[in-house]
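Novice: First, the structure itself, so that you have it in front of you.
The values are calculated or read from the model by the stated rules, or taken from the named source; none is laboratory data. Everything quoted here is computed from the prediction, not taken from an experiment. In this analysis, Cβ positions are derived from the backbone assuming ideal geometry, glycine residues included, and neighbour counts consider all displayed protein chains. Side chains are part of the model used for accessible areas, which takes the heavy atoms of the whole protein and leaves out ligands, DNA and RNA. Shrake-Rupley method; radii C 1.70, N 1.55, O 1.52, S 1.80 Å.
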Amino acid sequence: MKKIFSIVAVAVVALGVTSFARPASAAGVQTIYMNANGSDTNDGATTTTAVKTLTRVQQLVAAGPLDEDVEVRIHAGTYVAAGITWTTYRPGYTISFMPDDYQYGEGLPGIAARPVFVNARASGSNRYIGDPWFMACAGNAGQPLNAGGTSGLGFYYLTVEMFAPSAISLDGSAGPCGGAYHASSGLGLPSARGLNGNTIFGMLITDIGNAYTGGSCTDENWLRCGYGGIVLTESSNNRIANNSFVDLRNSENSYIHALYMTHKSSHNTFSANSITGVSSDPVKVRDASDYNTFDSNTFGANDFVRSSTQGAHYREEVGDGDCSSYHNRFTNNDLGTWLIGSSANLPTWVLDPAGATWPGSAGCPALPAGETRLTTAGNTY
C-alpha cells in the first residue's frame, strides 16, 4: 500500500494537462520562422526566409505589427547561442515559441523532433556563457510593459540544455534585469509590477547548473551557479505543465531546483511535470509567494545529501527580510527517493523556519485569518 502524507486533507480535482488548447487568439497572427541554417538578414516571414537567432526574432517582434499575436515557428535542429534577454511585449497579445510543425492541443508524438537550444562558449576562454537561456524582464523605459503586467509568453516542446543559472527566468521586479533583486512593493504585499500570465508546456529542461557548465557558486573568477530550471521572480498567474526536468545539478550539491518560485510570485500552477536528477529540493518557494498549486507531478530520484539542511520535495525558505508564503497546495504528487547518499525516501515538505502560521521577518503582516503556509494531500510513494 502506498503511504500518504498530509498536513490537512483537502478535496482536489486533478488537472487535465496532457494537451493544451490554443490561447484566445487575436484577429491576426504574425508568424516568424526560425531555422538553424537560416540567416539574420532575413525577415522570417516564410520558411525560405527563416532567421537564425532569437536576437533577430526579438527585433522583428519589436517592429510590429503590434496588434497581433506572435508565433515563432522553430524548425527541428540544434541552435547554439548565448541566452537572450527579452524585454519586448505586445500587451493584450501573446508571443509563443514552438516547433514549426506543432499544433495546439497535440502532444510530443505530433512533432517531428524538438528544436534544441544549447549554450554557447566564450570565444576566448571556451567557457560556457553564464546567463539563462531566456531571461525575460519587464520592458525598458518607453517600451510596452515597462511598468509590468501580463506578458503572455508561451514556450512549447523545446529542449534547453547546458545553461548555468536557469533555462527560463521570468522577472517582474523593479530590476535591474538579471541583477540584484529590488522589490516593487512593501513587505508581504503583492507585486506592484510583475511579469505575468505565461505558459511553459511540454519543455525538456536538462543539464542545467555548474556540474555541466563548469565554474562554481563561489569562484568570482568563474562564477557559474544554477538556481532553477525555471525561476520566477515577481511573476504570477503562470501555467507550468507537462514539462520534463532532467539532471539539474551544481557541483556544490546545493541551490538548484526544478522550480524556484521567489519574491511575490503568486497564483501559479505547476502540474503534471516530471522531475528527476535534481541536486537540491526539487521545488522551492520563497518570500510572499501565495496561492500556488503543485499538483500531479512525478518525482524521480532527486536530492543529494545537504550538509546543513534537510532536503524535501517542497521547501519554503524564509530568508532575512522575507515574509512567509501562504495558501500554497502540494497535492497528488508521485514522490521519489534520494538520488545518492541515503536509502530513505525524500521528505514531502519542509518549512524553514518551521511554523504553519509564522508570518516571517520583522515587519511582515500576519497571515490572513484561517490561512496556513502549506496544505498537502494525496502525495504517495
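Novice: Based on the Kirkwood radius over alpha-carbon pairs, what value in µm²/s does the Stokes-Einstein equation return for the translational diffusion coefficient of the stretch 195-332 at 37 °C and 0.692 mPa s?
Specialist: Estimated via Stokes-Einstein, D reaches 220 µm²/s.
Novice: What distance in nm lies between label points placed 7 Å from Cα along the C-beta direction at R121 and T46?
Specialist: Distance between label points: 3.8 nm.
Novice: Right, something else. Keeping all protein chains in position, work out how much accessible area V246 exposes to a 1.4 Å probe, and write it in Å² to the nearest 10.
Specialist: Accessible area, nearest 10 Å²: 50 Å².
Novice: Over the chain, what percent of the accessible surface lies on carbon and sulfur atoms, probe 1.4 Å?
Specialist: Answer for the chain: carbon and sulfur cover 52 percent of the accessible area.
Novice: Measure nothing but the geometry: give the 0 to 90° angle between the long axis through the Cα atoms of 54-63 and the longest principal axis through the Cα atoms of the chain, rounded to 10°.
Specialist: For 54-63 against the chain, the angle is about 70 degrees.
Novice: Just to verify a number: what accessible area does V80 come out at with the full protein assembly present, 1.4 Å probe, Å² rounded to tens?
Specialist: Its heavy atoms expose roughly 100 Å² to the probe.
Novice: Next question, about the same structure. Given the -39500 (n - 2.57) contribution per DSSP H run of 4+ residues, what per-residue ellipticity at 222 nm results for the chain, rounded to the nearest 500 deg cm²/dmol?
Specialist: -1000 deg cm²/dmol
Novice: I would also like to ask the following. How large is log10 of I(q)/I(0) for the stretch 257-381 at q = 0.20 Å⁻¹ when the intensity is taken from the Debye formula with one equal scatterer per alpha-carbon?
Specialist: -1.09
Novice: Please express the shape of the stretch 51-166 as an equivalent ellipsoid: the semi-axes are the square roots of 5 times the eigenvalues of the C-alpha gyration tensor, given largest first in whole angstrom.
Specialist: In descending order, the three semi-axes are 23, 21, 12 Å.
Novice: Express the accessible area of the chain per residue in Å², computed with a 1.4 Å probe while the remaining protein chains stay in the model.
Specialist: 39 Å²
Novice: Let me ask something else about it. With 10 Å bins from zero, work out the P(r) of the stretch 121-229 over every alpha carbon pair and list the percent per bin.
Specialist: It works out to 14, 36, 33, 15, 1, in whole percents.
Novice: Once each part is reduced to its C-alpha centroid, what is the distance from the stretch 175-254 to the stretch 125-168 in angstrom?
Specialist: Centre-to-centre distance over Cα atoms comes out at 10 Å.
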